[in-house]
Amino acid sequence: MALSALRKPRVRMTQLQKKEAKWGLLFLTPWMIGFLAFYFLPMLASFAFSLMNFNPAVPDEAAFIGFQNWKQAIITDKEVLLSFIRTIKFAGISLPITLGFALFLAIILNSKNVMGKALYRTLFYMPSTIPLVATVLIWNGVLSEQTGWINVIIQKLTGIQVVGTEGLRWLADPRLIYYTYTMFGLWGVGNAMIIFLAGLQGVPTEYYEAAEIDGANWLQRLYKITIPLITPVIFYQLVLGVITTLQYFLAPFVLNQGTGFPNGMTRFFMVYFYKQSFTFFNMGYGATLAWIMFIAALILTITLFGTAKYWVYYAGGERK
Amino acid sequence: MTGKILTSRKPLTRKIKNRIIAVLVTSLTIAILVVFLIPMIYGIVTSLKTEGQFAKVGAPWWPATEGQYEYEGESYEVFKVPIDGEIKKMALVVKGRGQSQLVDIDNPEAGLIVWDGEWRQLEPIWEFDPQWGNFLEAWNTINFPRLLGNTFMYASITTFGAVLSASLVAYGFARFRIPKKSILFMLMLSTVILPSAVTLIPMYFVFLQFGWVGTWLPLIVPAFFSWGTNVFLIRQFIMSIPRGVDEAAMMDGAGPFRIFFSIIIPQSVPALTAVALFHFFYAWNDFFGPLIYLAGNPEKYPITVGLTAFNRLYAQSFNLIQAAALVTVIVPVIIFFFAQRFFMQGIVITGIEK
């Protein structure tokens, strides 16, 4: 082929490429505007707010105060660290239980031994579609220490006196409250279950056949094949779960208006942020708390990604 | 079927063993499912009880009222009465200490029968008596039509905005060569894990300046500027549509918008449906945003915030709370049962491929 023939299309290609890029950017416009207007600029502004003393009720009194808010949040105001620790403790209880339960359900629903899988899948998923406020209120009733069915059933089955104020006080006992909140969360297990199920279905059946020939039992197959192969899915769920739990707000607010009942246990970080920002309207301080949450989320995410190479298995070393 | 051929080659004991395992695992699944759904059953049963039933010792677990019997124009409570060596259903007409007068409801012609014993120790007859009126009462007290209307308006407008904007952006990411595209894409995905609080205060401040606080606008407008997960889901789907079709259309002189609307959109219906469903559910569930932007405007509340306010006022009326909670459940659950397939597919695309 002649050189000129090669050259000509190249020039035309770049023009075409430019045109293509222009069109592409045009289609990306909604996102780019949204990114600037609702993510990037507000984040910067949020940082600027954190250096100010600002209350929208008295906007004239707004003043630049340097890092005073940060100093207060990190050193003086013990509630910041305490609410953060509570959040982490709750995450430490709820995430393993929730993800474990989701995985367990997925394994059952993936088993060739279960009859009528589609029906169970639908029914296990169904509560996830219920608005969380309704979920919290329904569980609040069923766990009620006097009239709730859970206590009545436990008492009937075990014969131990658990009904009443001396019994299992799911909603008022500081030792139980994180488990109670975790139970609310189990009703939202559907998404995680479906994602795990899809992950399990992606495990090549030859592996199981080979293992069976080698005489591996069910438990060995689970630990040596299934779990390692779906670690990417577990990892994804874990990252998402940490970020979501860090912002946990709804149940403490719906049940106790964010008072932290019982014993301050449910005054999580987001609850405290809401109080400062939208009850007391200390928006400068609120912005500081929000930035602290952002930094915490970033550190946690980076840490999780850092641990990934020790336990997350990517087939063929390839990562998407 | 292949399964049958395989198993028929196995020894008989193996077959029996597999059958036993199947029965055990299935029973275990059903048992877990029952426990899992107990709160739902509790909610339904409780929503149909009278408020008085909670306080009565010995009341049954199902919605019931103490049986009544009409005798000579008056209504009397019915008890199980041990009399003449058998237990009869009798209405208590004249209450007395140590001695009462009752009437046998299976044989009222016999007239009043004197019975020796303490009537307070008699067991009442409970009759199944669901209080459907609780739903009506909850419906009216909380002004459900308005809450549902608000929620429906919010959910539909933002769903439209979310699907439209996300599909435009997804098309841009899927089909065009743009410099630094992968960086932009990563940037978009990273917004998914950004805690919403970090942008909230400046946005609240700006919306306050616009005079938008106290209206739905701060909640509706951002939905038209596309969210990361939605774009991701649609992009993955568009990438699986063969390019041949849009290239052919391009040869015929169709511009990108034409291709988008007449080729990409019709082919991406499953992904668009999934995004629409997710967004609709998200909006139906949304609590924090409306709580902040609509504070103090109860006539604009969505169902979630309205239900919370209701719970605060009627915390002691277990039956009404459950009835109100169940009303909010109906719409999403019905949609879910009809649109399951799209749901599950959408979850799988966003969850696995990321």
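Residue by residue, here is whether (1) in contact with a Lys or Arg (Cβ under 6 Å, 6 or more places away or on another chain); (2) more than 12 Å from chain B (Cβ to nearest Cβ); (3) at positive phi holds:
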| position | (1), (2), (3) |
| --- | --- |
| A:ASN217 | no, yes, no |
| A:THR226 | no, yes, no |
| A:THR231 | no, yes, no |
| A:LEU246 | no, no, no |
| A:GLN257 | no, no, yes |
| A:PRO262 | no, yes, no |
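For region B:218-251, a residue qualifies if it is free of Cβ contacts under 8 Å to residues at least 40 places away in the same chain and in contact with a Gly (Cβ under 9 Å, 6 or more places away or on another chain), and the qualifying residues are B:VAL221, B:PRO222.
For region B:46-61, the criterion of being touching a helix residue (DSSP H, G or I) at 6+ places or on another chain (Cβ under 8 Å), within 14 Å of chain A (Cβ to nearest Cβ) and among the small types (Gly, Ala, Ser) is satisfied by at least one residue.
Looking at B:TYR293, B:TYR314, which is the one that is within 21 Å of B:PRO218 (Cα to Cα) and aromatic (Phe, Trp, Tyr)?
On the way: B:TYR314 fails: within 21 Å of B:PRO218 (Cα to Cα).
Of B:TYR293, B:TYR314, the one residue that is within 21 Å of B:PRO218 (Cα to Cα) and aromatic (Phe, Trp, Tyr) is B:TYR293.
Residues of region A:279-303 that are more than 7 Å from chain B (Cβ to nearest Cβ) and either more than 16 Å from A:LYS71 (Cα to Cα) or outside any helix (DSSP H, G or I) (or both): A:THR279, A:PHE280, A:PHE281, A:ASN282, A:ALA296, A:LEU298, A:ILE299, A:LEU300, A:ILE302, A:THR303.
Applying the criterion of being of a type in the set (A, V, I, L, M) and within 25 Å of the chain's Cα centre (by Cα) to the residues of region B:98-149, the residue that is surrounded by the most Cβ atoms within 10 Å (Cβ to Cβ) is B:LEU147. Filtered by the rule that a residue be in contact with a Gly (Cβ under 9 Å, 6 or more places away or on another chain) and under 20 Å from B:ASN134 (Cβ atoms), region B:26-49 gives B:PRO39, B:TYR42, B:GLY43, B:THR46. Of the strands (runs of 3 or more DSSP E) entirely within region B:25-130, those holding at least 2 residues that are in contact (Cβ under 8 Å) with a residue 40 or more places away in the chain occupy B:64-66, B:74-83, B:126-128.
Considering only helices (runs of 4 or more DSSP H) fully contained in region B:174-249, which possess at least 1 residues that are within 9 Å of another protein chain (Cβ to nearest Cβ), over 17 Å from B:ALA295 (Cβ atoms) and within 29 Å of the chain's Cα centre (by Cα)? Let's see the steps before the verdict.
Details: elements: B:181-190, B:197-210, B:217-220, B:228-239.
Correct list: B:228-239.
Here B:ALA295 meets the list (1) more than 30 Å from B:GLY211 (Cα to Cα); (2) surrounded by fewer than 21 Cβ atoms within 10 Å (Cβ to Cβ); (3) of a type outside the set (Asp, Glu) almost entirely, failing just condition (1).
Laboratory data are not the source of any read-out in this text; all were calculated from the coordinates shown. Everything numeric here is computed off the predicted structure, so don't read it as measured data. With ideal geometry, Cβ positions are generated from the backbone for all residues, glycine too; neighbour counts draw on all protein chains shown.
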